Amino acid sequence: ERPSAHRNYLPWLLILFALFLFRVLAQLLQKLYPVDFLPAFAAWQSGALPYPWLLCSQVVIIIVSLFTIRGFIRGSTLPRRSFGKWLMFSGAIYFAAMLLRILLGLTIAREHPWLGAKIPAFFHLVLASFVLLVGHFHLRSPLQAR
């Protein structure tokens, strides 16, 4: 049986992963077989990366996320304080930068292609939340060797 520390984090990691996976699949669907009930392909794209490179990076993120989730499912993820500190620091910077991106895109830079891209920015918050959650586990887990 998984330790309770792993069980506490797992539902949230799965929700965040499902949101990101939805984003990747929805954009791919709009690229290959556009549908009316989703935003157009361009709305999912900020233009920071050409789509083939973006899709490749998203596949890498999906693979890393699945390995992370597998560790939580098995209860085999061992908390490491130094890794947790690194994840919390980088996740907080990532989250703050994307939150600022959204705020600027909603106010003074609506027409800017990167700042005004609301859908990609929202899903960056989802990824940053995943990083922060895993970091929190590594810092605060009762399994943490002190």
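The values are calculated or read from the model by the stated rules, or taken from the named source; none is laboratory data. Computed from a predicted structure; not experimentally measured. FYI the Cβ positions are ideal-geometry reconstructions off the backbone, even for glycines, and counts take in every protein chain you see. SASA here: full protein model, heavy atoms, side chains in, ligands and nucleic acids out. Shrake-Rupley method; radii C 1.70, N 1.55, O 1.52, S 1.80 Å.
Below is a table of values for the structure above.
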quantity: Residue, most open to solvent (accessible area, probe 1.4 Å), within region 29-45, restricted to residues that are hydrophobic (A, V, I, L, M, F, W, C) and part of a helix (DSSP H, G or I); calculated: LEU32
quantity: Looking only at region 67-82, and only at residues there that are touching a residue at least 12 places away in the same chain (Cβ under 8 Å) and open to solvent by 70 Å² or more (accessible area, probe 1.4 Å), the one that is nearest to the chain's Cα centre (by Cα); calculated: ILE73
quantity: Residue list for region 99-113, filter: surrounded by fewer than 16 Cβ atoms within 10 Å (Cβ to Cβ) and either within 21 Å of TRP12 (Cα to Cα) or basic (Lys, Arg) (or both); calculated: LEU99, ARG110
quantity: Positions within region 46-55 being surrounded by 11 or more Cβ atoms within 10 Å (Cβ to Cβ) and in a helix (DSSP H, G or I), in sequence order; calculated: TYR51, LEU54, LEU55
quantity: Only one of ARG23, ARG7 that is at pLDDT 95 or above, part of a helix (DSSP H, G or I) and either open to solvent by less than 80 Å² (accessible area, probe 1.4 Å) or closer than 21 Å to LEU133 by Cβ (or both); calculated: ARG23
quantity: Filtered residues of region 89-112 (kept if within 18 Å of HIS136 (Cβ to Cβ), touching a residue at least 12 places away in the same chain (Cβ under 8 Å) and either touching a strand residue (DSSP E or B) at 6+ places or on another chain (Cβ under 9 Å) or among the small types (Gly, Ala, Ser) (or both)); calculated: SER90, GLY91, ALA92
quantity: Test: residue in region 131-141 that is touching a Lys or Arg at 6+ places or on another chain (Cβ under 9 Å), over 19 Å from PHE17 (Cα atoms) and of a type in the set (D, E, K, R); calculated: no
quantity: Filter result (touching a helix residue (DSSP H, G or I) at 6+ places or on another chain (Cβ under 6 Å) and among the aliphatic types (A, V, I, L, M)) within region 10-64; calculated: LEU10, LEU13, LEU16, LEU19, VAL24, LEU38, ALA43
quantity: Top-ranked residue of region 83-98 - restricted to ones that are among the aliphatic types (A, V, I, L, M) and out of contact with any Leu (no Cβ under 8 Å at 6 or more places or on another chain), ranked as most open to solvent (accessible area, probe 1.4 Å); calculated: ILE93
